1. Kindly provide the helix-only [θ] at 222 nm of the chain, computed as the sum of -39,500 (n - 2.57) over DSSP H runs of four or more divided by all residues, to the nearest 500 deg cm²/dmol?
2. Heavy-atom accessible area per residue, the chain, 1.4 Å probe: how many Å²?
3. Just to check I understand the Karplus step: with θ = phi - 60° and J = 6.51 cos²θ - 1.76 cosθ + 1.60, what whole-Hz values come out for region 86-95, glycine and proline as x?
4. Any chance you could run the full-extension gain for R160 through L123? It's 0.36 nm times the residue separation minus the Cα-Cα distance, nm to one decimal.
5. In square angstrom, rounded to the nearest 10, how much accessible surface does L121 have for a 1.4 Å probe?
6. Only one of the values [x] 18.4, 58; [y] 29.5, 102; [z] 16.2, 48 was calculated from this structure for Rg and Dmax of the Cα atoms in Å; name its label.
7. Within the chain, what whole-number % of the accessible surface is contributed by carbon and sulfur, with the 1.4 Å probe and all protein chains included in the calculation?
8. Name the residue farthest towards the positive end of the dipole of the chain from the options L121, G12, P50, assuming +1 on Cβ of Lys and Arg, -1 on Cβ of Asp and Glu, about the Cα centre.
Amino acid sequence: MASQFTDVVWPGWGVVRKIGEGSFGGVYEIHRTLPDGRVEKAALKKLTVPKDNSEIRELYSQSFSKENITAHYKDQMRDLVNEYTLTQELNGCRNVVACHDVQCVQHTDGIGWDIYIRMELLLPLKKALGSIYSEDTVRALGIQMCGALIACHRENIIHRDIKPENIMVSDRDIFKL
């Protein structure tokens, strides 16, 4: 499958479209065809540290060495991978987005990383609900988000960014944080 997203690579999968954009990168819908002909779908989040080369130039202007800059971004990459590791503890919770795999690719210049996280493909809350929804839907959303937060609390995880943009809906109408 030809892709216009040549900078997003996950072996065996093809990028279908860009779903969204965040502060560190984008989220893409990816597909692969299984040997029996079925198409498997997933979401792929690509995080890039640093976000752009201006950050590197700023650190050089402050007299940081290449080694110090490289170590700084390696620490950032490790922090992001640690967040992925924490989400693995929550994969059994039906109201938390399931993450399946992570891969880190160091930039060719040695400074910075691309972090790829493969996760389940879901619909954003606002797209799933539209502008009209029932009291029962709001009640279900509240109860299911409480379930997600209880699971996080059990693992000593504090989400820190609960908002409609971070709530997704499965094809079975299950709300996920």
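1. Working: 4 runs with 57 residues, N = 177.
That comes out to -10500 deg cm²/dmol.
2. Working: 11090 Å² over 177 residues.
Dividing the accessible area of the chain by its residue count gives 63 Å².
3. The phi angles translate into 5, 5, 4, 5, 9, 4, x, 7, 5, 9 Hz.
4. Values: separation 37, 0.36 × 37 = 13.32 nm, distance 2.12 nm.
Separation in residues times 0.36 nm, less the Cα-Cα distance, equals 11.2 nm.
5. Per-residue accessible area (L121): approximately 50 Å².
6. Answer label, from the structure shown: [x].
7. Values: 5680 of 11090 Å².
Summing carbon and sulfur atoms, their accessible area is 51 percent of the total for the chain.
8. L121
The values are calculated or read from the model by the stated rules, or taken from the named source; none is laboratory data. All of these numbers come straight from a predicted model, not from anything done at the bench. When we count neighbours, we look across all protein chains shown, and the Cβ atoms used for this are built from the backbone with ideal geometry, even at glycine. The accessibility values were calculated without ligands, DNA or RNA, using every heavy atom of the protein model including side chains. Shrake-Rupley method; radii C 1.70, N 1.55, O 1.52, S 1.80 Å.
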